[in-house]
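The values are calculated or read from the model by the stated rules, or taken from the named source; none is laboratory data. Computed from a predicted structure; not experimentally measured. So basically every Cβ, Gly included, is an ideal-geometry build from the backbone, and we count neighbours across all protein chains shown.
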């Protein structure tokens, strides 16, 4: 979490606190709720593939989690989709790549415009 501290971004660690196998939903729902409520921004998840945890947080209204394994995906996730949670696939990115992805995600503003209209159409109902 050094990059967040360097940038002065407060964070809350939702776990896991052990290398033992765990259920990603146990961490995903509290994180997504915190992002929804404005308690945390942005959210960052790290999971083996990133798929399950991304699927879980995206069940929450107002959450736009993006699974990113390179900095280009992170750029477009923020610029075009206003992603508010970054999901990193821990098995598929090394520490240096994860850092580059995170820095890109944190430093890329949302472009708005036509993308804002599209995002407005995401919620069901």
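If only residues of the range 42-56 that are closer than 18 Å to residue 81 by Cα and under 9 Å from the mean Cα position of the chain (by Cα) are counted, the one that is surrounded by the fewest Cβ atoms within 10 Å (Cβ to Cβ) is 42.
Does at least one position in the range 67-83 carry a residue that is surrounded by fewer than 15 Cβ atoms within 10 Å (Cβ to Cβ), closer than 20 Å to residue 97 by Cα, touching a strand residue (DSSP E or B) at 6+ places or on another chain (Cβ under 7 Å) and modelled with pLDDT of 95 or more? No, the range 67-83 contains no residue that is surrounded by fewer than 15 Cβ atoms within 10 Å (Cβ to Cβ), closer than 20 Å to residue 97 by Cα, touching a strand residue (DSSP E or B) at 6+ places or on another chain (Cβ under 7 Å) and modelled with pLDDT of 95 or more.
Considering 95, 61, which residue is out of contact with any helix residue (DSSP H, G or I) (no Cβ under 6 Å at 6 or more places or on another chain), under 21 Å from residue 124 (Cα atoms) and at pLDDT below 95? The match here is 61. The set of residues in the range 8-30 that are in contact with a helix residue (DSSP H, G or I) (Cβ under 7 Å, 6 or more places away or on another chain) and loosely packed, with under 12 Cβ neighbours inside 10 Å comprises 12, 15.
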